[in-house]
Amino acid sequence: MKNIYYQAVGKEKEVFEKAFQNKLPFLLKGPTGTGKSRFVEYMAEKLGKKLLTVACHEETSSTDLIGRYIIKGTETVWLDGPLTKAVREGYIIYLDEIAEARPDVIVAIHPLTDHRRELYIDKLGETIKAHDDFMLVASFNPGYQRGFKELKPSTKQRFIAMSFNYPEEKTEQEILVNETGIDSDIAKKLVNIGTKIRNLTELGLSETVSTRLLVDAAKLIKAGLPKRLAVHVAVVEPLSDEPEIIEALQDLTNLLI
Ligand code: ADP
């Protein structure tokens, strides 16, 4: 199997490793598409641990994570949820966008995030101690972006935290080349488009160009789509629904590629 590719942008690998060794939960902060999930996948592979990922949304409850009774034939049987499985068997669990989940999820993870390292399963009346290799990792998109929920300061303080953002131009270029095999001069142009749009704060975009969008554009170009069309569908259209803004972005990107 091919090793997972992750390009470090700072000291995140070292920090994660030390957090794992010291049984500290890890919070990744930052906008979508900045490599948070990729980083966790990479670290799990590097540490040789199994990873379970849960994409949290507003309906995600502690029951979804901990487990439930299900009916099987004439019996009810208990089924561990991903968190319980991870706690019992020593997996790394990644709760992506944890702030989006229901408040009872935060309550459930609290005893796992301090010295107790235990999970209370109310439906079984059981408290389980976390396996030595269990690690809790969560991500959240800070509140400066519209439409995202906040995470309480008292919850944030339970984690080691690192911010993820758009990488420096050279690093981002390398990511595009590595991810897609595209020529480095095209990668450079795409990164330049990303940088220019990120600086256009006056457009009031709720989310700006992520590395993910640039990778998508690079993939389409590599697959033979004309460059401007690739940028239009992978970068411009996903960013805005307003015709004037789409046109302005299109004009700008056409000049750059
Ligand atoms: P997030 O979890 O922050 O939303 P992802 O981890 O899904 O973002 O990253 C989106 C895509 O961007 C990845 O699939 C990968 O192609 C690319 N990417 C972003 N940052 C990196 C990085 N540092 N190293 C390698 N790939 C990256």
Practice task
Within the chain, what's the longest run with no GluC sites (Glu not before Pro) in a DSSP loop and at most 14 other beta-carbon atoms within 10 Å? Give the range, please.
Solution key: 60-149
Practice task
Kindly provide the trypsin sites (Lys or Arg not before Pro) of segment 68-158 that DSSP labels as loop, not H, G, I, E or B, and whose Cβ sees at most 10 other Cβ atoms within 10 Å.
Solution key: Arg146
Practice task
Could you pull the Rg and Dmax for segment 169-256, using just the Cα atoms, both in Å?
Solution key: 12.0, 34
Practice task
Assuming R0 = 51 Å, can you tell me the calculated FRET efficiency for the pair Glu202 and Glu118, based on Cβ-Cβ distance, to the nearest 0.05?
Solution key: 0.55
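Using only DSSP helix segments of four residues or longer, with each worth -39500 (n - 2.57), what per-residue ellipticity at 222 nm results for the chain after dividing by its residue count and rounding to 500?
Details: 11 runs with 105 residues, N = 257.
Taking each H run of at least 4 residues, the total per residue is -12000 deg cm²/dmol.
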Handout entry: Contact order normalised by residue count of segment 169-256, Cα under 8 Å, 6+ apart, percent
Key = 28
Problem - Candidates Ser61, Ser154, Ser37: whichever shows maximal mean-square fluctuation once the chain is modelled as a Gaussian network with Cα springs under 10 Å - result: Ser154
Fill in the blank from the handout: Helix 169-180 sits off the longest principal axis of the Cα atoms of the chain, rounded to the nearest 10 on a 0 to 90 degree scale, by 80
Problem - Tensor-based shape of the chain (alpha-carbon gyration tensor, a/c under 1.5 rounded, otherwise prolate or oblate) - result: prolate
Problem - GNM flexibility winner over the chain from His131, His57, His115 (Cα, springs under 10 Å) - result: His115
Problem - Cβ-based charge dipole, the chain, positive-most Cα from Asn141, Ile109, Ala234 - result: Ile109
Handout entry: Simple spin-label estimate for Val77 and Lys49 in nanometres, 7 Å along Cα-Cβ
Key = 2.9
Problem - Paramagnetic label zone (point 7 Å from Cα along Cα-to-C-beta, Gln21; backbone N under 19 Å) in segment 74-115 - result: 92
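Of the heavy-atom accessible surface of the chain (probe 1.4 angstrom), what whole percent is carbon and sulfur?
Values: 6810 of 13350 Å².
Of the solvent-accessible surface of the chain, carbon and sulfur hold 51 percent.
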Practice task
Please label the shape of segment 1-48 as rounded, prolate or oblate, based on the square roots a ≥ b ≥ c of the eigenvalues of the alpha-carbon gyration tensor (a/c under 1.5 means rounded; beyond that, a/b larger than b/c means prolate, else oblate).
Solution key: oblate
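The values are calculated or read from the model by the stated rules, or taken from the named source; none is laboratory data. The model shown is predicted, which means the values in this text are computed figures rather than measured ones. FYI the Cβ positions are ideal-geometry reconstructions off the backbone, even for glycines, and counts take in every protein chain you see. With ligands, DNA and RNA removed, areas are computed over all heavy atoms of the protein, side chains included. Shrake-Rupley method; radii C 1.70, N 1.55, O 1.52, S 1.80 Å.
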